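The next block holds one structure in the form of structure tokens; read it before the comments.
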């Protein structure tokens, strides 16, 4: 839509006294919320303002497959435990209104076949995020949502008539002024949304990175890039951080990369420890148990039994199968303990067996920084949840102002949880706006505000 047409359409709307909803951000939460509002209130003029391409994050997420949601945690309480920021607040009605099963039903009803993988992650059967993007874009077009790209909402204030006075800048530096009856800020973790929220009186938690990999100082480990472990127990210890949160110990798969460690265990630790890691300059210790289902004495027994059975074999070339370790990593552990390459099991001392056992159960890595997790780009921080009613997603400071998605101080661990926050928040906000546009009353929540 060019500038002349945009201004003309806005003037026409105002002449017809038609109500306007402006959605800031064309991501998952914004588009989903816009579709929901327009579906409930067909006469509402719904405009989505997006700087870049709509749903660009949806397109590249999950390695291009789009991890839509998670199908293993469907009740609100267990689902909420996957949100480092938001786990207390999300135990309420948030997911009961529109949870993972509702999300899956919505896409299924709109022609997208989904599958739940063994770890609970939900993907389109096509294994292509284009299925999700095309579905949302098609539904936005069908319902009459106006998607306006190449534009940025740079300022927001309350007009004398009680509407939202918005300044919208195009990339060619031309400016539009729009008055909106409803405003939904769903701009993800961009500074744009944080700035608009602050202009409208909301307080912010400074954003810091979440969901990242760990850089490890260990040249020998880097040589094992690609080695994976189906189940480890990893504990994060940070200097000057006295808190011992249970979430700082995680169990699950881990992967060695050319710069350090990754995999679900590491990503969960990075999410739960996001703020403390930021405060610690991303430096600390990672203590990994490579035999989480075995006690230390069991590990010692297995090694002693292996010694008696394979006395004539070299220690480096014969690893007990009970540990499920690849040969390269077994050699890495032995090298850390300075076990000679040529030594036979018959010649290894009980002291060495004890030290190998201890290393298997408590292998310490020095964390020197963070790497990038390319499948998801998530931050911890944003608009304070205490200033939002999660029943409606409406601001407790300004009526008819709504928020959804990552602009809020909410973030989930990897596995489809961040998109579920976007779908749930967008749906609830869209429902609230649609009801208001139809003349229905929303019970306002002004609790927990200072």
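Results, tabulated for the structure shown:
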{"read-out": "Flag for residue 221 being closer than 13 Å to residue 366 by Cα, buried (at least 20 other Cβ atoms within 10 Å of the Cβ) and in the same structural domain as residue 359 (by TED's automatic domain parsing)", "value": "yes"}
{"read-out": "From 215, 235, residue being touching a helix residue (DSSP H, G or I) at 6+ places or on another chain (Cβ under 7 Å) and within 19 Å of residue 367 (Cα to Cα)", "value": "235"}
{"read-out": "Residue check for residue 276: over 24 Å from the mean Cα position of the chain (by Cα) and assigned to a helix (DSSP H, G or I)", "value": "no"}
{"read-out": "Residues being in contact (Cβ under 8 Å) with a residue 24 or more places away in the chain and more than 21 Å from the chain's Cα centre (by Cα) - total across region 198-210", "value": "5"}
{"read-out": "Yes/no for residue 378 being touching a strand residue (DSSP E or B) at 6+ places or on another chain (Cβ under 6 Å), buried (at least 16 other Cβ atoms within 10 Å of the Cβ) and at pLDDT 95 or above", "value": "no"}
{"read-out": "Matching strands (runs of 3 or more DSSP E) fully within region 326-432 where at least 3 residues are outside the structural domain of residue 69 (by TED's automatic domain parsing) and more than 20 Å from the chain's Cα centre (by Cα)", "value": "363-372"}
{"read-out": "Residue match in region 178-197 (condition: under 20 Å from the mean Cα position of the chain (by Cα) and under 18 Å from residue 279 (Cβ atoms))", "value": "no"}
{"read-out": "Near pairs, Cβ below 7 angstrom, 6+ apart or cross-chain, from region 38-61 (under 15 Å from residue 19 (Cα atoms)) to any residue that is at pLDDT below 95 and surrounded by fewer than 21 Cβ atoms within 10 Å (Cβ to Cβ)", "value": "43/18; 45/13; 45/18"}
{"read-out": "Residue ID - surrounded by the fewest Cβ atoms within 10 Å (Cβ to Cβ), chosen from residues in region 326-357 that are within 18 Å of residue 232 (Cβ to Cβ) and in contact (Cβ under 8 Å) with a residue 60 or more places away in the chain", "value": "328"}
{"read-out": "Checking residue 364 against (1) touching a strand residue (DSSP E or B) at 6+ places or on another chain (Cβ under 6 Å); (2) surrounded by 14 or more Cβ atoms within 10 Å (Cβ to Cβ), the condition it does not meet", "value": "(2)"}
{"read-out": "Selection from region 279-309 of residues that are assigned to a helix (DSSP H, G or I) and either in contact (Cβ under 8 Å) with a residue 60 or more places away in the chain or not assigned by TED's automatic domain parsing to the domain that holds residue 247 (or both)", "value": "296, 299"}
{"read-out": "Candidates 60, 35 - the one that is in contact with a helix residue (DSSP H, G or I) (Cβ under 6 Å, 6 or more places away or on another chain) and assigned to a helix (DSSP H, G or I)", "value": "35"}
{"read-out": "Pair list, Cβ < 7 Å and 6+ apart or interchain, from region 433-447 residues that are outside the structural domain of residue 394 (by TED's automatic domain parsing) and over 18 Å from residue 35 (Cα atoms) to residues that are at pLDDT below 95 and surrounded by 12 or more Cβ atoms within 10 Å (Cβ to Cβ)", "value": "none"}
{"read-out": "Lone unmet requirement of (1) over 27 Å from residue 223 (Cα atoms); (2) free of Cβ contacts under 8 Å to residues at least 24 places away in the same chain; (3) outside any helix (DSSP H, G or I) for residue 312", "value": "(2)"}
{"read-out": "Strands (runs of 3 or more DSSP E) completely within region 211-256 that count 2 or more residues being under 24 Å from residue 328 (Cβ atoms) and touching a residue at least 60 places away in the same chain (Cβ under 8 Å)", "value": "212-216, 228-237"}
{"read-out": "Members of region 72-100 found to be touching a strand residue (DSSP E or B) at 6+ places or on another chain (Cβ under 9 Å) and without any contact (Cβ under 8 Å) to a residue 60 or more places away in the chain, listed by number", "value": "72"}
{"read-out": "Lone qualifier among 72, 87 - being out of contact with any helix residue (DSSP H, G or I) (no Cβ under 6 Å at 6 or more places or on another chain) and surrounded by fewer than 19 Cβ atoms within 10 Å (Cβ to Cβ)", "value": "72"}
{"read-out": "Qualifying positions in region 114-161 - without any contact (Cβ under 8 Å) to a residue 60 or more places away in the chain, surrounded by 19 or more Cβ atoms within 10 Å (Cβ to Cβ) and over 17 Å from residue 22 (Cα atoms)", "value": "114, 124"}
{"read-out": "Leading residue by the ranking (farthest from residue 193 (Cα to Cα)) among those in region 165-177 that are under 30 Å from the mean Cα position of the chain (by Cα) and surrounded by 15 or more Cβ atoms within 10 Å (Cβ to Cβ)", "value": "170"}
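For every residue, the table says whether it meets (1) modelled with pLDDT of 95 or more; (2) surrounded by fewer than 21 Cβ atoms within 10 Å (Cβ to Cβ); (3) closer than 19 Å to residue 282 by Cα.
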site: 203; (1), (2), (3): yes, yes, no
site: 227; (1), (2), (3): yes, yes, no
site: 240; (1), (2), (3): no, yes, yes
site: 249; (1), (2), (3): yes, yes, yes
site: 253; (1), (2), (3): yes, yes, no
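The values are calculated or read from the model by the stated rules, or taken from the named source; none is laboratory data. Note that the structure is predicted; figures quoted are calculated from it, not measured. Using ideal geometry, Cβ is built from the backbone for each residue, glycine included, and neighbour counts are taken over all protein chains shown.
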